[in-house]
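Scroll down for the structure; my scribbles are underneath it.
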Amino acid sequence: MKSAHGCGATLAFPPPKPLVEPFGDDSFRALLSGPGVYFMCGATEGVLYVGKARNLRERLSNYRVANPERLPRRIIRLLHRVTRIEFDICPTEEAARNREELLICVLNPRFNRAGKVWPRRAGATNLRADEPTHCSKPAALTGLRR
């Protein structure tokens, strides 16, 4: 395998696939391609990471291979701890962005950057934890459990 850095170095072993091995490639292909928010959960820790996606299928497929040349160590550690992936389908990318912001503030997931603060965007709604959102309830990916 050639290195992604273009220096001509080769990898001795292919990068691990911590999400493909337990969940299978078909689970990623079956994902919807719309906007949404995804939750990566651990066996005992609950929600480890909350992220948003313009296209859930493409975004979650990026995590299939834990290539150390492409992903930070923090994300590789996360991927090895994930036992379940859930997601919310949202009608728009803006709704997904607002939902992600709310969930990170409420859940405070371990692998989201600590102390991350977002400036309020023009036109963003003032969301509270007790207010309904325009996103659906979380849906677990079929077969995405270890």
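Tabulated data for the structure shown
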item	result
Residue tally, condition at pLDDT below 75, in a loop (DSSP other than H, G, I, E, B) and loosely packed, with under 12 Cβ neighbours inside 10 Å, over segment 10-44	3
Residue in segment 79-101 that is in contact with a Pro (Cβ under 6 Å, 6 or more places away or on another chain), modelled with pLDDT under 85 and within 21 Å of N112 (Cβ to Cβ) present	no
Residue match in segment 45-62 (condition: under 22 Å from L107 (Cα atoms), more than 12 Å from the chain's Cα centre (by Cα) and at pLDDT 90 or above)	yes
Test set (1) touching a Gly at 6+ places or on another chain (Cβ under 7 Å); (2) closer than 17 Å to K17 by Cβ - I89 fails condition number	(2)
Selected residue (criterion: nearest to the chain's Cα centre (by Cα)) from residues of segment 71-106 that are more than 17 Å from R54 (Cβ to Cβ) and of a type in the set (D, E, K, R)	E86
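The values are calculated or read from the model by the stated rules, or taken from the named source; none is laboratory data. Just so it is clear, the structure is predicted and the values come from calculations on it, not from any experiment. Counting neighbours? That spans all protein chains shown, and the Cβs are built from the backbone with ideal geometry, glycine included.
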